[in-house]
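The values are calculated or read from the model by the stated rules, or taken from the named source; none is laboratory data. What you are looking at is a predicted structure, and each value in this text was computed from that prediction instead of being measured. Virtual Cβ from ideal backbone geometry, glycine too; neighbours counted across all protein chains shown.
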């Protein structure tokens, strides 16, 4: 925080549009913003002095379409890995247990979503046939079909693990959805997206965030290289119809 004459000696900090657009992404954390409208004719009581020898800035083109915003590849070089998207990703296969075939549903992009009547203590499971798929990633992202519901009830649990066993499990009712997509253009029923960071599976809480893969060393007695499955479990007392799609390691 700094105090500046340009803001009437109010404590504040200055942040460029470029910096805000990058930092406001939830993968880095969360920035809260309080908006205050100021008329264009406003003149502060105390004028800030001009900076001496300022660093030249970037100006948008005269056409009004700025292209000066860039990503930070030096901090975010990850590429999402597809686990399931209308069909199994490379080296991933279905290892579900205590499930019965569910009703067919077209995938969000192509193919078919993974749907099953999941019995109590059953799970839709995606398992990798090779090691190392979790390396260089920080989160599990997936969409669950929610129909017209406005909340997910307790008992739909996300788990990851390996041959040494499960990591800490995360009940999705304790995590806020990060995205919504209607089933079709004119539809009023939705897919909801959840992102659960690996730090949650390491026991740091369901809403914890990690933004650098090198800080995650594994969980549940497994190294990162050992992790090889993602499970969407039913911890409720009755069978639940579940449809999932676009499952990724992000």
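List of remarks:
- Hits in segment 180-199 - residues which are in a loop (DSSP other than H, G, I, E, B) and either surrounded by 13 or more Cβ atoms within 10 Å (Cβ to Cβ) or in contact (Cβ under 8 Å) with a residue 24 or more places away in the chain (or both): 183, 188, 189
- Criterion applied to 122, 155 was being over 17 Å from residue 89 (Cα atoms), in the same structural domain as residue 180 (by TED's automatic domain parsing) and crowded, with 22+ Cβ neighbours inside 10 Å, and the one residue passing it is 122.
- In this entry, residue 114 passes the filter for residues that are closer than 25 Å to residue 227 by Cβ and buried (at least 18 other Cβ atoms within 10 Å of the Cβ).
- Filtered by the rule that a residue be under 17 Å from the mean Cα position of the chain (by Cα) and in a strand (DSSP E or B), segment 149-179 gives 157, 158, 159, 160, 170, 171, 179.
- Matching entry among 131, 149, 164 (being in contact with a strand residue (DSSP E or B) (Cβ under 6 Å, 6 or more places away or on another chain) and assigned by TED's automatic domain parsing to the domain that holds residue 181): 164
- Residue check, residue 201 assigned by TED's automatic domain parsing to the domain that holds residue 151 and under 15 Å from the mean Cα position of the chain (by Cα): yes
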